[in-house]
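Read the structure below first, then the notes.
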Amino acid sequence: QVQLVESGGGLVQPGGSLRLSCASSRSIFSFTSMGWYRQAPGRQRESVAYFTSAQTPNYADAVKGRFTISTDTSQNTLYLQMNSLKPDDTAVYYCNAKRAYGDYWGQGTQVTVST
């Protein structure tokens, strides 16, 4: 069983920053990919940023240059540094990890960008 626990969401003004964390109960090396998704009200869940097994980062066009995905392998933790936040970034952010025989999700953390 894999558990993913997100933290770090909150309310921030436009132009501000937040860092999301996702703590995994399993070694992140056990996953074929690991990343962040988000879902805004009335919209489908979308990919934000992810690592493939080659540890190559991939970003959605909407966040390129503003968001950075990273890992701390010693803590089995995935991060998402979000800078220059916009109101359109408001969503519930989910951590995701994939194996050949499983697809795992965290419970989500709310990010609200507003004045």
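The values are calculated or read from the model by the stated rules, or taken from the named source; none is laboratory data. Everything quoted here is computed from the prediction, not taken from an experiment. When we count neighbours, we look across all protein chains shown, and the Cβ atoms used for this are built from the backbone with ideal geometry, even at glycine. The accessibility values were calculated without ligands, DNA or RNA, using every heavy atom of the protein model including side chains. Shrake-Rupley method; radii C 1.70, N 1.55, O 1.52, S 1.80 Å.
Within 15 Å of the chain's Cα centre (by Cα) and of a type in the set (Gly, Ala, Ser): does that describe Ala91? Yes: the conditions hold for Ala91. With the requirement that a residue be under 22 Å from Gly10 (Cα atoms) and not in a strand (DSSP E or B), what does the range 49-87 give you? Listed by number, the residues that qualify are Ala60, Ala62, Val63, Lys64, Gly65, Arg66, Asn83, Ser84, Leu85, Lys86, Pro87. Contact annotation: residue pairs with Cβ atoms under 6 Å, 6 or more positions apart or on different chains, pairing a residue in the range 63-84 that is within 10 Å of Cys22 (Cα to Cα) with a partner that is part of a loop (DSSP other than H, G, I, E, B), are Asn76/Ser27.
The residues of the range 94-104 that are more than 13 Å from Leu78 (Cα to Cα) and in contact (Cβ under 8 Å) with a residue 24 or more places away in the chain, listed by number, are Lys98, Arg99, Ala100, Gly102, Tyr104. Comparison of Thr68, Thr32 shows that the only residue that is open to solvent by 50 Å² or more (accessible area, probe 1.4 Å) and either under 12 Å from the mean Cα position of the chain (by Cα) or acidic (Asp, Glu) (or both) is Thr68.
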